[in-house]
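Here's the structure, in structure tokens; my notes come after.
The values are calculated or read from the model by the stated rules, or taken from the named source; none is laboratory data. Treat the numbers as computed from the prediction; the structure is a model and nothing was measured. Counting neighbours? That spans all protein chains shown, and the Cβs are built from the backbone with ideal geometry, glycine included. Note: accessible area is taken over every heavy atom of the protein model, side chains too, but ligands, DNA and RNA are not part of it. Shrake-Rupley method; radii C 1.70, N 1.55, O 1.52, S 1.80 Å.
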Amino acid sequence: MSEVVDPAATSVDIGWRAAGRAEKRMLIDGKLVAAASGAEFDNLSPATGLVLGTTAAAGAQDMDGAIGAARRAFDESDWSTNRGLRQRVLAQLQDAIEAEKEDLREELIAEVGCPVMTTQNAQLDWPLADAVRYPARLIDDFEWERTLDGGGLFGERNARTVVKEAVGVVAAITPSNFPIEVILNKLGPALAAGNTVVLKPDPNTPWNATRLGRLIAERTDMPPGVVNVVPTPSNEVVAQLGTDPRVDMVSFTGSTAVGKHLMRVGADTMKRTFLELGGKSAMIVLDDAKPGHVIPGAIGACVHAGQACAANTRMLVHRSLFDEAVGNVTMAFGGVPVGDPALPTTLVGPLISAAQKQRVLDAIEGARRDGAEIVVGGGEVAGLAGHLRDGHFVAPTVIVGADPGSSIAQDEVFGPVLVMLPFDDDDEAVRIANHSAFGLAGAVVSASPERAMGIARRIRTGAIGVNGGMYYGADAPFGGYKHSGIGRQCGIEGFAQYTETKTIGWRLPR
């Protein structure tokens, strides 16, 4: 385990330190700059509601400049063809992030509100290990060209060469829940494949992205314009990325509603889109499972206050085990450590904003109105002291008695809320799991690996864990079916989606 923050520190302490180290400038065309208008926006602590500091607020002029810089870097530099340069720059970027890893850890705790323990896995340590290194290795290993022996046409001998090339300018739009994880898993393959990038981070969590901008400018040989970091709270400014014809591809992680909007606005310029969207993943507990084995999977719905698109927020339990499982999960949720994300014992920190907190509370109240039972949680967290009283905390919540087709069982809540549903046989479990607009992730628990694998293959979802199996990794493609998205993050599939395909037919000498 890596060295982490002082176990006695609080979010106020860490927020103060993070503010002193934060980079508030944008990166445009290789330079760290303020907004052309001088505008800035506040970065708020989700744990305390306090203002941590400010960040440059890009306007239309700034975004236009960033897009133009990325276009020139792609069209006029050798970035897209110089594989050695790309490998060297990615290695420099990896080293630069490693050198500031612990500062970045505190920054994530401060602006994301993620508990310390989550930075030791998916929030920081896991992506930092491989998200840049893996695609950098693929520069050597990827099949950039292949030749087809085409036989003869019109009496001539022909061959065809299939060439993979970079797409061009990629707009990377990233979320607030796992910001550095998503950013690195977009930048790594997009840059390794030879693209240039305009990165637009979520306005709730800008500093981890602007830090990367500073590291790129100061610690790498990346040509100007290859990466531009443009934070803004303005939806109108962000919209330029979806409509500007100089942008070839939009790579977006976030809500399904915004993903659909980006597809619509990008249609006129025929933009390629990679969309990693929402989920309502189901964990299926078969009748031969041990009831105690459901607890770790259930607790997963609480990690980072449930702000994870792949979280298993529906738990389907065989009716013979249902009452016991509800009792076990209820007890576990009642004991989950909730509070200051700076403390190493905290599992559930705050939601990202007051608006998101209210959306979660409204969803719980909607379930209650629809006749479901809230067996634990269901409201704000009582007993928080000091500045935490102004944070955005919701108690871990378990809901039973909901109809499988109801809003609480169908819609993504993005909070620490688990819906438990009974089923009578394997076929019914599969039907309930697949009765969803989403298809991002899921899980199956059974004493029989063969039976669990059989169920897993029937679930219409992009990733699924069997008996606790981990599907996450830089080499493992991740993404969704149905309304959970288009394309894949990570793996060869995730690398290839940042490439175009060209076929060259040529005549062989006689």
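Which is open to solvent by 30 Å² or more (accessible area, probe 1.4 Å), over 17 Å from Arg25 (Cα atoms), within 19 Å of the chain's Cα centre (by Cα) and in contact (Cβ under 8 Å) with a residue 60 or more places away in the chain, of Val258, Val303, Val250?
Going through Val258, Val303, Val250 in turn, just one is open to solvent by 30 Å² or more (accessible area, probe 1.4 Å), over 17 Å from Arg25 (Cα atoms), within 19 Å of the chain's Cα centre (by Cα) and in contact (Cβ under 8 Å) with a residue 60 or more places away in the chain: Val303.
If you take just the strands (runs of 3 or more DSSP E) that sit entirely in the stretch 3-120, which of them hold at least 1 residues that are among the β-branched types (Val, Ile, Thr) and under 23 Å from the mean Cα position of the chain (by Cα)?
In the stretch 3-120, the matching strands (runs of 3 or more DSSP E) lie at 51-56.
Condition (residue is assigned to a strand (DSSP E or B) and open to solvent by 10 Å² or more (accessible area, probe 1.4 Å)) applied to the stretch 174-181: is it met by at least one residue?
As a first pass, look at the stretch 174-181 and keep what is assigned to a strand (DSSP E or B): none.
No, the stretch 174-181 contains no residue that is assigned to a strand (DSSP E or B) and open to solvent by 10 Å² or more (accessible area, probe 1.4 Å).
Go through the stretch 191-232 and count every residue that is assigned to a helix (DSSP H, G or I) and within 15 Å of Arg71 (Cβ to Cβ).
Within the stretch 191-232, residues that are assigned to a helix (DSSP H, G or I) and within 15 Å of Arg71 (Cβ to Cβ) number 0.
Determine whether Gly378 is in contact with a Lys or Arg (Cβ under 9 Å, 6 or more places away or on another chain) and in a loop (DSSP other than H, G, I, E, B).
It is true that Gly378 is in contact with a Lys or Arg (Cβ under 9 Å, 6 or more places away or on another chain) and in a loop (DSSP other than H, G, I, E, B).
Show the residue pairs that are 6+ apart or on different chains and have beta-carbon atoms under 7 Å apart, the first residue being within the stretch 275-290 and farther than 15 Å from Ala437 by Cα, the second being among the polar types (S, T, N, Q) and not in a strand (DSSP E or B).
Close Cβ pairs satisfying both conditions: Leu286/Ser446; Asp287/Ser320; Asp288/Ser446; Asp288/Ser448; Ala289/Ser446.
Can you run down the residue pairs with Cβ atoms below 9 Å, 6 or more apart or on separate chains, where the first is in the stretch 126-137 and among the aromatic types (Phe, Trp, Tyr) and the partner is open to solvent by less than 60 Å² (accessible area, probe 1.4 Å) and assigned to a helix (DSSP H, G or I)?
These pairs meet every condition: Trp126/Glu181; Tyr134/Gly188; Tyr134/Pro189; Tyr134/Ala192; Tyr134/Gly491; Tyr134/Phe495.
Each row is one residue, and each column tells you yes or no for (1) open to solvent by 30 Å² or more (accessible area, probe 1.4 Å); (2) touching a helix residue (DSSP H, G or I) at 6+ places or on another chain (Cβ under 6 Å); (3) modelled with pLDDT under 95.
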{"residue": "Ala308", "(1), (2), (3)": "no, no, no"}
{"residue": "Val326", "(1), (2), (3)": "no, no, no"}
{"residue": "Ala332", "(1), (2), (3)": "no, yes, no"}
{"residue": "Gly349", "(1), (2), (3)": "no, yes, no"}
{"residue": "Ala354", "(1), (2), (3)": "yes, no, no"}
{"residue": "Arg359", "(1), (2), (3)": "yes, no, no"}
{"residue": "Arg368", "(1), (2), (3)": "yes, no, no"}
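Select, from Arg88, Arg25, Arg71, the only residue that is more than 30 Å from Ala239 (Cβ to Cβ) and among the basic types (Lys, Arg). Write out each step before concluding.
Numbers: Arg25 fails: more than 30 Å from Ala239 (Cβ to Cβ); Arg71 fails: more than 30 Å from Ala239 (Cβ to Cβ).
That would be Arg88, the only listed residue that is more than 30 Å from Ala239 (Cβ to Cβ) and among the basic types (Lys, Arg).
Out of all the residues in the stretch 434-455, which are open to solvent by less than 10 Å² (accessible area, probe 1.4 Å) and of a type in the set (A, V, I, L, M, F, W, C)?
Selection gives Leu440, Ala441, Val444, Ala452, Ile455.
Any residue at all in the stretch 231-238 that's open to solvent by less than 40 Å² (accessible area, probe 1.4 Å), in contact (Cβ under 8 Å) with a residue 40 or more places away in the chain, farther than 23 Å from Leu44 by Cα and within 19 Å of the chain's Cα centre (by Cα)?
No - not one qualifying residue is present in the stretch 231-238.
Within the stretch 22-48, restricting attention to residues that are out of contact with any Leu (no Cβ under 9 Å at 6 or more places or on another chain) and not aliphatic (A, V, I, L, M), which residue is least open to solvent (accessible area, probe 1.4 Å)?
The residue in question is Phe41.
Looking only at the stretch 278-296, count every residue that is open to solvent by less than 40 Å² (accessible area, probe 1.4 Å) and either aromatic (Phe, Trp, Tyr) or within 24 Å of the chain's Cα centre (by Cα) (or both) and tell me the total.
Summing the residues that are open to solvent by less than 40 Å² (accessible area, probe 1.4 Å) and either aromatic (Phe, Trp, Tyr) or within 24 Å of the chain's Cα centre (by Cα) (or both) in the stretch 278-296 gives 7.
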